[in-house]
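Note sheet for the following structure.
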Amino acid sequence: FAGRRGYLWEIYRGSEPIAEQFSQLIDMKINLEGTVAAFLIRNTAGNAYAILYSDEFNEPVYSKPYDAASNLALHPTEALIGFSATKNLANYVVYGGMEYPLGEFSAIPKFTFDGSEIYYLYCNIECYLYVDGKRFTLPLNLSPENIIARIPHTSTVAYSNSNSMVMFNYDNNIQYSGMMVDSIIAPIYNSRTGEYQTLGSIGNKLYLLTC
């Protein structure tokens with residue numbers, strides 16, 4: 001866990017601090033088994049870092065310093081992270097210690113539910129889905145802020161527009177849109193049911209939307 005004493009933060013395992021003090025906790029995630037923890041922090045010099053800790057490590061692993069870091073993604077079982085970073089006005093997705101340049105644009109990395117893929121949506125003139133480094137073209141009515149759900153090892157993604165959930169198959173370029181609602185949240189992939197799911201409302205009624 002992370003705790004603050006006065007103006008400075010520290011990361012603890014049990015009652016023992018395991019990393020140097022820092023000035024800001026940006027984000028943190030711990031896997032369900034409690035064996036891996038990841039933190040985005042800003043140190044007292046103003047640099048942003050990712051810190052990765054695992055039961056298998058003797059000490060935490062630090063990323064390179066950045067001007068800014070956000071959108072932390074933690075692998076569900078392994079000591080792997082992805083995050084968005086900025087340095088010298090250039091944006092990156094950082095994964096496995098490697099930087100993937102985005103120029104002036106941004107992206108939010110995510111792992112699939114089983115951790116078998118890491119993916120992100122990247123838009124400049126067109127929008128692309130990057131899955132483990134492979135690029136696929138997506139519809140133009142998206143932005144990097146769209147939260148994309150994905151079934152691993154398929155050619156489909158799901159996202160919400162202003163009034164419905166859309167499933168898009170980028171192999172055959174076909175979109176499937178569900179019922180229209182007044183408001184809607186971002187979809188997920190429910191691995192238990194094998195469906196894309198989201199919640200939408202019409203008036204004061206709430207609906208479960210599936211595909």
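The values are calculated or read from the model by the stated rules, or taken from the named source; none is laboratory data. Computed from a predicted structure; not experimentally measured. Note that we place each Cβ from the backbone using ideal geometry, even for glycine, and neighbour counts take in every protein chain shown. Heads up: the accessible areas ignore ligands, DNA and RNA and are worked out on the full protein's heavy atoms, side chains in. Shrake-Rupley method; radii C 1.70, N 1.55, O 1.52, S 1.80 Å.
What fraction, in whole percent, of alpha-carbon pairs in the chain exceed 23 Å separation? Spell out each step's value before the answer.
Values: 11501 of 22155 pairs.
Value for the chain: 52 percent of Cα pairs lie more than 23 Å apart.
Averaged over all directions, how much area does the convex hull of the C-alpha atoms of segment 1-93 cover when projected, in nm²?
Working: hull surface 23.6 nm².
Computed as one quarter of the Cα hull surface, the answer is 5.9 nm².
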ask   = Looking at segment 78-177, which chymotrypsin sites (Phe, Trp or Tyr not before Pro) are DSSP coil and have at most 14 other C-beta atoms within 10 Å of their C-beta?
value = 105
task = For segment 1-71, run through the chymotrypsin sites (Phe, Trp or Tyr not before Pro) and keep only the ones in DSSP coil with at most 12 other Cβ atoms within 10 Å of their Cβ.
result = 1, 7, 57
remark   = Rounded to whole angstrom, the alpha-carbon centroid of segment 33-98 lies from that of segment 186-207 at a distance of 31 Å
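In whole percent, how big is the carbon plus sulfur part of the accessible area of the chain, probe 1.4 Å, protein atoms only? Mind dumping the intermediate values first?
Working: 5930 of 11550 Å².
Exposed carbon and sulfur together represent 51 percent of the surface.
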Built amide H within the under 5 Å cut-off of residue 26, gap 5+ = 40, 41, 42
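Test of the criteria: in segment 9-113, which GluC sites (Glu not before Pro) are in a DSSP loop and have at most 11 other Cβ atoms within 10 angstrom of their Cβ? Can you show the working numbers first?
Numbers: sites: 10, 20, 33, 56, 78, 99, 104; in loops: 20, 33, 56, 78, 104.
Passing sites in segment 9-113 are 33, 56, 104.
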query = Based on the Cα coordinates of segment 145-188, what is the per residue volume of their convex hull in Å³?
reply = 70 Å³
Proximal lysines to residue 110, defined as alpha-carbon separation beneath 29 angstrom and excluding residues fewer than eight positions away on the same chain = 29, 64, 87, 134
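Could you do me a favour and compute the accessible area per residue for segment 1-160, 1.4 Å probe, result in Å²?
On the way: 8330 Å² over 160 residues.
Spelled out: the 1.4 Å probe surface of segment 1-160, per residue, equals 52 Å².
Cα gyration tensor of segment 67-121, axes a ≥ b ≥ c as square roots of the eigenvalues: rounded (a/c below 1.5), prolate (a/b > b/c) or oblate? Intermediate values should be presented prior to the final figure.
Working: a/c = 2.53, a/b = 1.99, b/c = 1.27.
Cα axes put segment 67-121 in the prolate bin.
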inquiry  = Under 5 Å between amide hydrogens, which residues at least 5 positions from residue 117 or on another chain qualify, with H placed 1.01 Å from N in the peptide plane?
reply    = 112
task = Grab the Cα-Cα distance for residue 99 and residue 70, subtract it from 0.36 nm times how many residues apart they are, and report the gain in nm with one decimal.
result = 9.0 nm
key: Relative compactness, segment 102-199, computed as alpha-carbon Rg over 2.2 N^0.38 Å   = 1.02
query = Which whole-Hz ³J(HN,Hα) couplings does segment 89-106 yield from phi under the Karplus relation 6.51 cos²θ - 1.76 cosθ + 1.60, θ = phi - 60°, glycine and proline marked x?
reply = 6, 9, 9, 9, 9, 10, 8, x, x, 9, 9, 10, x, 10, x, 8, 9, 10
remark   = Scalar couplings 3J(HN,Hα) for segment 148-162 by Karplus 6.51 cos²θ - 1.76 cosθ + 1.60 (θ = phi - 60°), nearest whole Hz, x for Gly and Pro, are 9, 9, 8, 8, x, 6, 10, 9, 10, 9, 10, 8, 10, 9, 5
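Lys and Arg at +1, Asp and Glu at -1: add these up for the other residues within a Cβ distance under 11 Å of residue 33 and post the number.
On the way: positive: none; negative: 55, 78.
Cβ neighbours under 11 Å give a net charge of -2.
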